[in-house]
Amino acid sequence: MMRRNKEILCIISIVFMFIGYGNLYAEEKDVYKETIIVGGDNYFPPFEYVDKNGVYKGFNVDILRAIAIEMGIDLDIRPMPWYEAIMALNEREIDAIQGMKYSISRSYLYDFSDPYLVSSQSIFVRSDNSYIVNIEDLEKKKIAIQKNDIAKDVLKNIMDIQIIETENQQMALKKLIKGEVDAYIGNRLTGLYIIQKDGYTKDVKIVGEEINPLNYGIVVNKGNKVLLKMFNEGLMRIKKNGTYDKIYKKWFGEPINPPYAYIKRTLYFSIVVLFFSLFGIFIFYRWNYLLKKEVNKRTQQLKRESLFKEQIINSIFSGLITFNNQGIILSANEKAAYFLDMPIEAFVKKHFKDTVVKEYFYEEDFYEVLQTGKEKMNIEKNINVEGINKVFEYNIYPLVLHEDDVYGITLTFKDITNEKLMKERMIMKDKLESLGRLVAGIAHEIRNPLTSIKAYIELIPYKYDKKEFREKISEDVPKEIERLNSIISNLLEYAKPKVPNKEMVKVHDEILGIIVFFSNQIKKKNIKLICNMKEDLFIYVDKQQFKQIMINFLLNAIEAFEKTENPEICITAEKNGDFAVIIIKDNGCGIASENEKKIFEPFFTTKDNGTGLGLSISYQFIKENGGDITVSSHLETGTKINMILPLFKEKRSTANV
């Protein structure tokens, strides 16, 4: 049974194979029965052109007619403008184009026959032109080319070039003669043909090397393998029987061999020159080879490094702009263009005062960095962008060649609007959390003076007649009221949001005022508090931020005494150079070594009900006020916080005002 099934499958496979071959044969027969329509350029001499009598002729035309005769097919060769020929092939109005230069991009659209010629292009300029010598010199110039010519691919990498497209290459060359363009790029042989035919030999010259010499052949639409196979077969036959060589000689000529005596003299002279030059060539050959190899290697390395740096610059989060010392913008990255909402070309090579760039930094900072050579860091500027207020942060760095030679400026800037809003919300959240933790202690502190006042009021009916009592009540009650007012004022000042403003802060008084908030908790936990602070110590910070820093650190210290016997907090403050050193030390539970590096990270907490914002915000405040902080801690031993903040100086205060 299995064997029979296999036999049936084999028979079915053979039937389908014959059907496939039949279809292919039918398709080939159609090619030979039907007229094949072939398009070509109407003026591309000597390859294909319509002469003054209206006859379509040329090298390509003769090649196609020879193939038609050889293969026994009927061809309808139609001249038309080049761009129309390409459109006609794309829209399948014609079956093939008789001559097209190969390119990778074209190979995705068309199938190319075996090549029957190598085609190259050249740069044509006026004879009086002396500044264009190669393709790189075409930057920022007007260039004429034939519409849809492959020259467009050659020019796509040239910066700021203006391309003028014409119907054919003769019209492009005429624009060069008239001075309407700086150069014309086209087929080398076609250009020479037109120049000689129209008498432009004294007006036009060719400069530079031949451009892009590539194969040239017949093209058909992608996938038309039957027609392509027929053209390739015809090309092979006319090359084999000599017809191709005859057509080539007809249109491109045949070199004339020089006389034998001339050849003999030339050969003798060449041998002599070669003999005397061989030794020198042999010596320098390897050296030149190694040098060229090293130069190429270094060139490629520099290109890779340049591309790598460009990619890094464009991938950074901040906008980056460079200036020379005159204020002219030299370069910018893509992020800068994004922030400015305009292409890089719109502001590069212009003075910053003439562009929107001037809105993104303070002009005096720019010139200060130029004069002093010292960078300006983390400067904020409010900018109105299309009716929306945004906050940008920028840094200005000097570009220095020698110690005092500032030759330019680098500006980096970024949009910190959302970051700033988030930071303000985090600060307020931390402040409210700290406030909630302070409420119990503050309530007790408010109750104490109220209890004293109440006691005096209750005794007034009984002791008012006594002079000593009246003196005591007039002395103590105002003190208790003042104490109550001080507690409430400090609480309100802490809770109320303020714009950051650095000022002179007396460390001793400020810390003692903060300790009042914790009096009840200190008594309740029987904490021994030691304060050793210099009374003449003044720092230059934002007062409200300093309060929040101290409250966060003291709250953490007090909460670390859950299982500690003889709890103790020691606060010291003293001067060290231009800074005040404030140390808060406790003998609480301490911090695990794996957590010590994380305590200043946002949202990191080991408490069940903590938010992890307090220490992170305290760290930011210390940095913003020009200070620094270190923490050392051991489990079951305690924690030591070492904080430094800048001292208040009279000159700085005056400058700030």
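We did not get these values from a lab; they are worked out from the coordinates using the rules stated. Source: prediction; values computed, not measured. Cβ: placed from backbone, ideal geometry, glycine included. Neighbour counts: every protein chain shown.
Points worth noting:
- Local electrostatic count, residue 60, Cβ distance below 13 Å [Lys/Arg +1, Asp/Glu -1]: +2
- Pairs from 156/250; 178/350; 178/202 whose Cα-Cα separation, in the structure shown, is over 24 Å: 156/250; 178/350
- Near residue 224, no amide H atom lies under 5 Å from its own; only residues 5 or more places off or on other chains count, and H is placed 1.01 Å from N.
- Taking amide H atoms as placed 1.01 Å from N in the peptide plane, the amide H of residue 351 lies under 5 Å from those of 329, each 5 or more residues away in sequence or on another chain.
- In the range 515-576, the GluC sites (Glu not before Pro) that fall in loop regions by DSSP, at most 15 other Cβ within 10 Å: 535, 562, 565
- Förster-model FRET efficiency, 56 Å R0, residue 250 and residue 597, C-beta, rounded to 0.05: 0.05
- Gain on full extension, evaluated as 0.36 nm per residue between residue 205 and residue 460 minus their Cα-Cα distance, stands at 79.8 nm.
- Set 528/585; 229/249; 523/575; 502/649; 390/502; 523/563 screened for pairs whose C-alpha atoms are more than 20 Å apart: 229/249; 523/575; 390/502
- Between residue 279 and residue 156, residue separation times 0.36 nm minus the direct Cα-Cα distance comes to 39.8 nm.
- Converting phi to 3J(HN,Hα) with the Karplus coefficients 6.51, -1.76 and 1.60 and the offset θ = phi - 60°, the range 587-593 yields 10, x, 6, x, 10, 4, 4 Hz in sequence order, with x at every glycine or proline.
- Pairwise FRET efficiency - residue 419 versus residue 481, Cβ, R0 = 45 Å, nearest 0.05: 0.50
- Close amide H partners of residue 542, meaning residues 5 or more places away or on another chain with modelled amide H under 5 Å apart, are 503.
- Across the range 503-514, coupling constants 3J(HN,Hα) worked out from phi with the 6.51/-1.76/1.60 Karplus curve, θ = phi - 60°, read 8, 6, 10, 7, 4, 4, 5, 5, 5, 4, x, 6 Hz, and Gly and Pro carry x.
- Each of 154, 125, 356, 273 was scored by other Cβ atoms within 10 Å of its Cβ. Listed from fewest to most, they are 273, 356, 154, 125.
- Residue order, fewest to most surrounding Cβ atoms within 10 angstrom, among 277, 113: 277, 113
- Here the relative contact order of the range 40-191, from alpha carbon pairs under 8 Å that lie six or more residues apart, stands at 24 percent.
- FRET efficiency estimate (nearest 0.05) - Cβ-Cβ, residue 330 to residue 579, R0 35 angstrom: 0.30
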